[in-house]
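Asks: First the structure, which I've put down as structure tokens, then a few questions once you've had a look.
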Amino acid sequence: MNLETISSIPQQKDFNSHSKKLDTVEVEAMAITNIDTDMLKSQDPPETTESNTLRYDPEVITALYSKLPLKVWKRRISILWTFVLFALSLWLDKITGNATKNERKRAIWLREILTNLGPAFIKVGQALSTRPDLASPKYLDELTKLQDQLPAFPNEVAYHFIEEELGFPPEEIYTELTPNPIAAASLGQVYKGKLKTGETVAVKVQRPGLAESIALDIYILRTLAIWVHKNVQQLRSDLVGIMDEFGTRIFEEMDYTQEGRNAEKFKQLYGHLKDIYVPKIYWQYTGRRVLTMEWITGTKLTNLEAIKAKNIDAKYLIEIGVQCSLRQLLEHGFFHADPHPGNLLASPDGKLVYLDFGMMSEVKPYQRYGLLEAVVHLVNRDFDALAQDYVKLEFLTPETDLSPIIPALAGVFNNALGASVAELNFKSITDQLSALMYEYPFRVPAYYALIIRSLVTLEGIAINVDPNFKVLSKAYPYVAKRLLTDPAPELRTSLKDLLFKDGDFRWNRLENLLRNASNSDDYDISKVLNQALDFLLSERGDFIRVRLVEELINSLDLASINTFINARTKVSEWLGMKVEKTSVTTSNNPAEQKRAEHIKNIWKIVQDTPGFDAMQLLQLVPNILVKPEMQKMGQQVAGGLTQRAIARLIRQVLLSPEYSSTNGNGNGHKPKTQPQLSLPASSR
């Protein structure tokens, strides 16, 4: 197969002549990707190899279209002229005062423009359809139709593809198949059918001429990105890398066998989460251009009236979607990069159903931990460390001078954070970051662009359901859980940074983490306690043991004084000795009182957390006591208490006869009241 093959492929506008063109259409993707189609005939999930995966190759595409300048320029002029006319109409509406009157007409026109320009531009429109903060309701209403209400192609073409891919005509595979597609999307159209074994299925068939159309548009956009990279010095983002990432994902999306693998991997990683559902793939009836999967009856999350009529809580499903997205991005790294409303449905039994697994992406482990560390540094307002996070995440090169960037980050986030990170609107902060990245030498990695697209799209759906929905507010319990339970060294360090400041333990932060983590569905308090004990008794927990010994000495010393005072008071009462005034010793130090309150709250949170078992905790005690670190701690506590007792004895007996200047705990805190004992008069 040679590169020139693709140049002879006509645009599939005349579907009546499809029978003469099908063989050529089949060839077009092969010319770009060099795929061995024989390997796609297997009835089992195909092996993931380079030979049977539809692959985006920018060098091959560039080599092809660089020889076709007339074809490329014709397409460029068509795209440019279309948008110039649209922009001109908006300008005329504005100066004539008809903007409101013509808004619906312009929205329909924009939808038609994107539809006519093809799949690459339809993807842009789908993303815009989820942003009620960027487009008016009339535009959103029209752009939403790009998700599954696009023009269909003839059934004859679809049936021919089914027979080519599966080896049999549709009537020999399916007992039922709708006479017309029930939905048509950017890359294909869907029929509802029934297998001979009785299962109801969705049969997705790819559009003809798809690879050529997408390859040409990506080539044009990529050459534009190269020109911008060379000539616009102020823009440092890797636009070429972003376009290549987009090209890679959309070419994978054109390979339905890859989509099937993605669906099964997604189900394996996230299908067990509460109220998440992923449909089954029927591999025996799936090929590169045909996908047969379980039929799902559901309602779009944006169809609020229909969801409400079925007594489904749309806001709850959005929260479920946020939690699933967090696990995709920060736990396993395999994430759905195209969560528009057409791909997220509410099932009749109230579950969130994910569809369309063509466009997926991955976040590497160091990137996942880097994002979590950045959240901690943001909470701490540690902008020096946050700047370093941007280096680790490849937004900045290692040789970048961070001195002007650190105060700029402080300026952005101090204004945005306000009272709480949880109240941030995700898009508002990304907008402010975009302005910052334009001014300083940031470069946006390709993986980050898809993450932002995914999260901003999800937030757009959430805002449509609830205008006051805060993605970060719902995300923080998961982040808290990860900080408390993940044993990775990066997050152990982040937890230390969060809980300690200038050598002081911040009990309020621990209380807040535990309270938020308890709201996470899969939070395991016993795992937290076990990991906390393991960490405490490890070499890395040495700094905590030192502080804990000090806290125990202070607390036990104060408790021993109170116990002694109470016992002396009781004995005096039994002996008939006069007691002028009795009271337990307390500290007047507000910090100590606040700390005691936090400890009390923490213990209550732990007790109230689902899954907490006091008996299970007690069973750990024997094993803990034999640990050398615990025995050493015991010796240190005993030694500290002994030193306190000796020091108190010296002060009381040798240095000062009055025990009114100190509470005897070695810290110089004066007690609120002190018992004054004297013998009855008759015995003097």
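Asks: Please give, to one decimal in nm, the separation of the simple spin-label points placed at Val84 and Thr178, each 7 Å out from Cα toward the Cβ.
Replies: 4.1
Asks: Listed highest first by mean packing, meaning other Cβ atoms within 10 Å per residue, what order do 332-340, 557-565 come in? Please list the in-between numbers first.
Replies: On the way: 332-340: 22.3, 557-565: 16.8.
Per-residue mean Cβ counts within 10 Å order the peptides as 332-340, 557-565.
Asks: Next question, about the same structure. Starting with the highest mean, order 596-605, 468-477 by the number of other Cβ atoms within 10 Å, averaged over the residues of each peptide.
Replies: On the way: 596-605: 14.6, 468-477: 19.5.
Going from most to least packed, we get 468-477, 596-605.
Asks: By the scheme Lys and Arg +1, Asp and Glu -1, what is the net charge of all other residues having a beta-carbon under 15 Å from that of Lys308?
Replies: 0
Asks: Testing the spin-label approximation: label points 7 Å from Cα along Cα→Cβ at Asn380 and Glu551. State their distance in nm.
Replies: If labels sit at Asn380 and Glu551, their model points lie 1.8 nm apart.
Asks: Based on the Cβ-Cβ distance from Lys501 to Ile226, what FRET efficiency comes out when R0 is 45 Å, to the nearest 0.05? Present the calculation step by step, with values, prior to reporting the outcome.
Replies: Details: r = 48 Å, r/R0 = 1.06.
Rounded to the nearest 0.05, the efficiency is 0.40.
Asks: Could you sort 398-410, 487-499 so that the peptide with the highest average Cβ count within 10 Å comes first and the rest follow in order? Each step should come with its number before you reach the end.
Replies: Working: 398-410: 13.8, 487-499: 16.5.
Output ranking for 398-410, 487-499: 487-499, 398-410.
Asks: Moving on. Taking only protein heavy atoms and a 1.4 Å probe, what accessible area per residue, in Å², does segment 181-334 have with all protein chains in place? Walk me through the numbers before you get to the answer.
Replies: Details: 5850 Å² over 154 residues.
Accessible area per residue, segment 181-334: 38 Å².
Asks: Another one. Holding the Cα-Cα limit at 18 Å, pick out from Lys280/Lys351; Lys315/Lys351; Lys315/Lys474; Lys392/Lys501 the pairs that are longer than that. Let's see the in-between values first.
Replies: Details: Lys280/Lys351 15 Å; Lys315/Lys351 12 Å; Lys315/Lys474 11 Å; Lys392/Lys501 23 Å.
Lys392/Lys501, as the Cα separations exceed 18 Å there.
Asks: OK, next. With a 1.4 Å probe and all protein chains left in place, how much of the accessible area of segment 287-375 comes from carbon and sulfur atoms, in whole percent? Write down the numbers at each step before the final one.
Replies: Details: 1560 of 2940 Å².
That fraction is 53 percent.
The values are calculated or read from the model by the stated rules, or taken from the named source; none is laboratory data. Not measured: the values here are computed from a predicted model. Methodologically, a virtual Cβ is constructed for each residue, glycine included, from the backbone with ideal geometry; neighbour enumeration extends over all protein chains shown. These area figures cover heavy atoms from the full protein model, side chains too; ligands, DNA and RNA do not enter into them. Shrake-Rupley method; radii C 1.70, N 1.55, O 1.52, S 1.80 Å.
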